[in-house]
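The values are calculated or read from the model by the stated rules, or taken from the named source; none is laboratory data. Remember, it's a predicted structure, so these values are computed and weren't measured experimentally. Methodologically, a virtual Cβ is constructed for each residue, glycine included, from the backbone with ideal geometry; neighbour enumeration extends over all protein chains shown.
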Protein chains: 2
Amino acid sequence: MARVPASPTSPAPTASAAALKKMLARREGLMGPNAPLFYQQPLVIARGKGVWLHDAAGRRYLDAYNNVPHVGHCHPAVVKAVQRQMSRLNTHTRYLDAAVLDYHERLLDKFPRRLGRVVLTCTGSEANDLALRIARQQTGHQGVIVTDWTYHGNTTAVAEISSAYNPAPTPPHVRLVRAPQADSGAGADAGAAFVADVRQAIADLRERGFGVAALLIDTIFSTDGLHAVPKGCVKQAVALVREAGGLFIADEVQPGFGRLGSCWWGFENHGVVPDLVTLGKSMGNGFPLAGVVGTRELIAGFRQEVMYFNTFGASHAACAAGSAVLDVIDNEDLLANAQAVGEQLLVAMRGLRDAHTCIGDIRGQGLFLGVEIVQDRQSHAPDADAAARIVERMKDAGVLVSKIGRHDHVLKIRPPMPFGSRHARLLVQALDRALQMPR
Amino acid sequence: MARVPASPTSPAPTASAAALKKMLARREGLMGPNAPLFYQQPLVIARGKGVWLHDAAGRRYLDAYNNVPHVGHCHPAVVKAVQRQMSRLNTHTRYLDAAVLDYHERLLDKFPRRLGRVVLTCTGSEANDLALRIARQQTGHQGVIVTDWTYHGNTTAVAEISSAYNPAPTPPHVRLVRAPQADSGAGADAGAAFVADVRQAIADLRERGFGVAALLIDTIFSTDGLHAVPKGCVKQAVALVREAGGLFIADEVQPGFGRLGSCWWGFENHGVVPDLVTLGKSMGNGFPLAGVVGTRELIAGFRQEVMYFNTFGASHAACAAGSAVLDVIDNEDLLANAQAVGEQLLVAMRGLRDAHTCIGDIRGQGLFLGVEIVQDRQSHAPDADAAARIVERMKDAGVLVSKIGRHDHVLKIRPPMPFGSRHARLLVQALDRALQMPR
């Protein structure tokens, strides 16, 4: 059984303060300042297995945060598949290989028939950048509509549409809209407000002369704060965008590959099939693998005009990793697990909400949950400081979570997919304790 | 010993024409049309080892083209390092890890002291995109000067500066210059012409209101045609760019990591230390790994303003791959090999030039050589058809090479680094035979 210390206020330091300081200075010397880190006292992690990470001192942490190790840290089936393929052959798509095509086919089988082609890349940033290239080239328009506190990646073009953590002014060809939010306490017309905002965004982009190339959204609006989304509003917004000659790009980098339990892809929640879908993170369980899935016409139209080649995209090893991930998801029934454990977590956390008035709302689906931390339930005022303290306390107690949202006050719970019932109990127990502690 | 068929005109077909046709149709169905392929009858490759690739029928090909498997296809040291690390831990840089920092340090040790920091990414495209972001953010300018037949990658921002194979018009903030070329037959003032062109480009970009953020060049001008570069002209051009407040970005994705034999980096040929250097392809021997090396000030300045995080960049497995590559380069003395075998190839190919009037020029350095194919040495007119035929014939004879240059008439020879003397002899022999064949 897992070790969650009874007294999380006196954490066992895992690296001496001096050693940690030295390592941080060395890191800054090599990488530069401000390279993002987790925790006030960052963790020195030494190994991982399943839903567990172990630090250099041998202390273990329940990982309720990392989504890249989708089927679990160091899953032997993925390690073996990559090792076998790397020992045999690892080149690119300018030669032919049946196994590489098999992976393309297996992946497309997870999508509605309308989405019949895929272009593999290495990262979600590359996927979103490519989706923007396709959308702009195929529509002839430049404007993009995105939500106003989101993150889609790090290339020049994708940073422009990623307003969260980005101090640069939004360029005129990007129009921000507020994510739909039917959260506890929100008005009844949250869906209508989103649709109206998109309608105005289309008008603005046309007036500015850019037209609308795409509405691009994370289908679970995670960085925005993992909001509850009113039924039908995304579908209505997409209809307006299509009417204006634009495309619907679904960013599935976080919600995809079954994380939401009841569906493979977040767009299924919204009752509308996208024109382009972007994938990343979880796809290769840590082996860099990502891609754009799209309609036959869009991919063909783009490829007929543009020479697109991605050296490491769809390499033999990447496809072997991706294929092993699909195997494990099926073999270990990870969607059903995400649904069952997600439900268990929702119920348990609603119980916590009854006991702790600083919980404003519990949101999310499957193994992607958000716990909103507020000053009190009357004002519903975000409490970022409390959220930060809870994240640190849970880490001290051996459980890893993070934060999202415009006000940085929503606990982000997004564990590897083999997160089971007993892990859920440990997580809830640690959260309960962290919430009980005095300020 | 290698098997190079004596009668390369009757190649052994390795897949039936019908099977190949079916596979190509399947590929197009999944990936879309025009996904780049090599050869009129593409190869179905099944395995690789060192400098050899083997097709599905068991026929082997001497690989004189692929640079991604820098230390050789499926090098056991790299396979083992990745397998070991993937079995143990493979996360990101938001946790601390000494081995990850060790790799950063080992990499920086290969650079002049002025270049003291590195930001790792997954692909060369991401590296060039990030270098542009840094240059624009740090200089406050938008204009970029690049050569007029080059390829730096596939993101939106990088495609703009990659005119080769890109039908889109060059945007006004990008100014193209002709690569310096002191090739056989070129005038004596090739260097001065390049410097004058850059001077004019700076003036143009200023006049257009963009200023100069950077001069970005592939330091061996490979896609341009692997031209001979007059001593000093790049240095002079860089001085002008710096005077205008711009940076010098050296794209080392192809020439880097010792390919040129006498140096680790192509910029060393030009006697000027860049402000930013971009790396890719060869860096992880096929494991997606790339990055930007830069001055302490530029990386710090960028990071202080911009939150940059790359999920898979600098992952434990990526750094393990990169570290193994550095080990093998040193342990197998691959720079010395590149220099010695490169010299041997130059001498042998100059011999071929005496025998074949369709060879206009032999260029390059180390294990990166170009053989220019012309209609005749008097007119020096490029002969793309002949170059294409030679590439196909050599493939039929079991040797893989490709083509570069604005007129697609320069044979591109860029083998994995363990390419030895006997491989060089086989290559020269196959080239000699391919040149002897009637049109």
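Across the range A:171-183, what is the total count of residues that are in contact with a strand residue (DSSP E or B) (Cβ under 6 Å, 6 or more places away or on another chain) and either more than 18 Å from A:HIS270 (Cβ to Cβ) or of a type in the set (Ser, Thr, Tyr) (or both)?
Qualifying residue count for the region: 3.
Please list, ordered by first then second residue, the pairs with beta carbon atoms under 7 Å, 6 or more apart or interchain, first in the range A:157-172 and more than 9 Å from chain B (Cβ to nearest Cβ) and surrounded by fewer than 17 Cβ atoms within 10 Å (Cβ to Cβ), second part of a loop (DSSP other than H, G, I, E, B) and among the small types (Gly, Ala, Ser).
Partner pairs satisfying both residue conditions: A:THR170/A:SER163.
Only one of these conditions is not met by B:THR357: (1) in a helix (DSSP H, G or I); (2) surrounded by fewer than 16 Cβ atoms within 10 Å (Cβ to Cβ). Which number is it?
(1)
Within the range A:379-406, how many residues are under 22 Å from the mean Cα position of the chain (by Cα) and in contact (Cβ under 8 Å) with a residue 40 or more places away in the chain?
Matching residues across the range A:379-406 total 12.
Looking at the range B:65-84, is at least one residue surrounded by fewer than 17 Cβ atoms within 10 Å (Cβ to Cβ), in the same structural domain as B:LEU276 (by TED's automatic domain parsing), modelled with pLDDT of 95 or more and part of a loop (DSSP other than H, G, I, E, B)?
So far as the range B:65-84 goes, no, none of its residues is surrounded by fewer than 17 Cβ atoms within 10 Å (Cβ to Cβ), in the same structural domain as B:LEU276 (by TED's automatic domain parsing), modelled with pLDDT of 95 or more and part of a loop (DSSP other than H, G, I, E, B).
For A:VAL100, work out the one condition from (1) of a type in the set (A, V, I, L, M, F, W, C); (2) within 30 Å of A:LYS403 (Cβ to Cβ); (3) more than 8 Å from every other protein chain (Cβ to nearest Cβ); (4) in contact with a His (Cβ under 7 Å, 6 or more places away or on another chain) it doesn't fulfil.
Of (1) of a type in the set (A, V, I, L, M, F, W, C); (2) within 30 Å of A:LYS403 (Cβ to Cβ); (3) more than 8 Å from every other protein chain (Cβ to nearest Cβ); (4) in contact with a His (Cβ under 7 Å, 6 or more places away or on another chain), only one is false for A:VAL100: (2).
For the range A:117-135, which positions are of a type in the set (D, E, K, R), touching a residue at least 60 places away in the same chain (Cβ under 8 Å) and either closer than 19 Å to B:CYS122 by Cα or more than 8 Å from chain B (Cβ to nearest Cβ) (or both)?
Answer for the range A:117-135, where residues must be of a type in the set (D, E, K, R), touching a residue at least 60 places away in the same chain (Cβ under 8 Å) and either closer than 19 Å to B:CYS122 by Cα or more than 8 Å from chain B (Cβ to nearest Cβ) (or both): just A:GLU126.
Has the range B:80-94 got any residue that is more than 7 Å from chain A (Cβ to nearest Cβ) and in contact with a Lys or Arg (Cβ under 9 Å, 6 or more places away or on another chain)?
no
Looking at (1) under 30 Å from A:ALA318 (Cα atoms); (2) aliphatic (A, V, I, L, M); (3) away from chain B (no Cβ under 14 Å), which is the only condition A:ALA203 fails?
Unmet for A:ALA203, out of (1) under 30 Å from A:ALA318 (Cα atoms); (2) aliphatic (A, V, I, L, M); (3) away from chain B (no Cβ under 14 Å): (1).
Of the residues that sit in the range B:44-56 and are in contact (Cβ under 8 Å) with a residue 60 or more places away in the chain and part of a strand (DSSP E or B), which one is surrounded by the fewest Cβ atoms within 10 Å (Cβ to Cβ)?
Looking at the filtered set, the residue picked out is B:GLY50.
Identify all residues within the range B:25-43 that are of a type in the set (Gly, Ala, Ser) and either closer than 19 Å to B:LYS403 by Cβ or assigned to a helix (DSSP H, G or I) (or both); write none if there are none.
B:ALA25, B:GLY29, B:ALA35
What are the pairs with Cβ atoms under 8 angstrom where one residue, in the range B:15-40, is more than 7 Å from chain A (Cβ to nearest Cβ) and the other, located anywhere, is part of a helix (DSSP H, G or I) and surrounded by 12 or more Cβ atoms within 10 Å (Cβ to Cβ)? Sequence gap at least six, or different chains.
B:ALA15/B:MET23; B:TYR39/B:VAL391; B:TYR39/B:GLU392; B:TYR39/B:LYS395; B:GLN40/B:GLU392
Inside the range A:374-397, can you point out the residues that are touching a Gly at 6+ places or on another chain (Cβ under 7 Å) and not in a loop (DSSP other than H, G, I, E, B)?
Hit for the range A:374-397 is A:VAL374, nothing else.
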